[in-house]
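**Q** Before we start, here is the structure in question, set down as structure tokens.
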Amino acid sequence: MHRHALLGKLRRYRPGDDGEYRMYLTLLRFVETEPECFERSLQIGHVTGSAWIVNPGGNRALLTHHRKLDRWLQLGGHADGNPDILAVALREAREESGLPEIRPVSEDVFDLDIHPIPARGTEPRHLHYDVRFLLEADDAAPLVISNESKALAWVDLAQIGCYSTDASITRMTAKTLARRR
């Protein structure tokens, strides 16, 4: 079954709070019951892979100012049929940052989120069932802004709130800080 690897990762994952736990149950059910969950053509929603990229010191995270959504977010994108969501997160991280050297801190799920994507053109409003991985890259390496971004920035974790107050960004920041203790 092409969903087996992701289901294994999800079943081992432990959400950080009650809100994430509710999303976890919904995401797990979606992957269990929707055979086409990795396909962008599934108009109700689809699994996406995201990269929470930190520097080696773990005190900065790389954010993108997303062109379509006009918000500062983690890097990531569509699986386009690929059930290896860690590979999706790594691919998207490299494409959207230009960083050639990005490595997983762990192959385990770091965070997850379900969020609505507004209708655009012929594409209806839908959900992204987003699975996030903790990755690491050199914050001194040059960045290359893709056409999906307005800007890229390495942001001190203490300053993340100046860029985004999104609950999932706040949650990933808190998880990163907790790992440093």
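**Q** Across the stretch 6-18, what is the total count of residues that are surrounded by 13 or more Cβ atoms within 10 Å (Cβ to Cβ) and modelled with pLDDT of 95 or more?
**A** 6
**Q** When the residues of the stretch 123-181 are filtered to those that are of a type in the set (Lys, Arg) and not in a strand (DSSP E or B), which remaining residue is farthest from residue 36 (Cα to Cα)?
**A** Here the residue is 181.
**Q** Scan the stretch 43-56 and tell me whether some residue there is more than 30 Å from residue 101 (Cα to Cα) and surrounded by 17 or more Cβ atoms within 10 Å (Cβ to Cβ).
**A** Scanning the stretch 43-56 turns up at least one residue that is more than 30 Å from residue 101 (Cα to Cα) and surrounded by 17 or more Cβ atoms within 10 Å (Cβ to Cβ).
**Q** Would you confirm, using the coordinates I've provided, whether residue 107 is in a loop (DSSP other than H, G, I, E, B) and in contact with a Gly (Cβ under 8 Å, 6 or more places away or on another chain)?
**A** No: the conditions fail for residue 107.
**Q** Let me ask you something else. Of the residues in the stretch 159-175, how many are farther than 15 Å from residue 72 by Cα and either of a type in the set (Gly, Ala, Ser) or surrounded by fewer than 14 Cβ atoms within 10 Å (Cβ to Cβ) (or both)?
**A** 1
**Q** Which residues, taken from the stretch 96-111, are surrounded by 14 or more Cβ atoms within 10 Å (Cβ to Cβ), farther than 17 Å from residue 138 by Cβ and not hydrophobic (A, V, I, L, M, F, W, C)?
**A** 111
**Q** Return a yes/no flag: does the stretch 44-54 have any residue that is of a type in the set (Gly, Ala, Ser) and closer than 11 Å to residue 112 by Cβ.
**A** yes
**Q** While we're on this one: Could you go through the stretch 44-56 and let me know if any residue there is of a type in the set (A, V, I, L, M, F, W, C), farther than 25 Å from residue 143 by Cα and within 14 Å of the chain's Cα centre (by Cα).
**A** The answer is yes, given that some residue of the stretch 44-56 is of a type in the set (A, V, I, L, M, F, W, C), farther than 25 Å from residue 143 by Cα and within 14 Å of the chain's Cα centre (by Cα).
**Q** Quickly run through the stretch 1-36 and pick out the residues that are part of a loop (DSSP other than H, G, I, E, B), more than 25 Å from residue 174 (Cβ to Cβ) and of a type in the set (Asp, Glu).
**A** Matches in the stretch 1-36: 34, 36.
**Q** Hey, can you tell me all the residues within the stretch 79-89 that are touching a strand residue (DSSP E or B) at 6+ places or on another chain (Cβ under 6 Å) and surrounded by fewer than 19 Cβ atoms within 10 Å (Cβ to Cβ)?
**A** Once the filter is applied, which keeps residues that are touching a strand residue (DSSP E or B) at 6+ places or on another chain (Cβ under 6 Å) and surrounded by fewer than 19 Cβ atoms within 10 Å (Cβ to Cβ), the stretch 79-89 yields nothing.
**Q** When residues of the stretch 102-131 are filtered for being at pLDDT below 95 and of a type in the set (A, V, I, L, M), how many remain?
**A** Number satisfying all stated conditions: 2.
The values are calculated or read from the model by the stated rules, or taken from the named source; none is laboratory data. As the structure is a prediction and not an experimental result, all values here were calculated from the model. Every residue, glycine among them, receives a Cβ derived from its backbone with ideal geometry; neighbour counts consider all protein chains shown.
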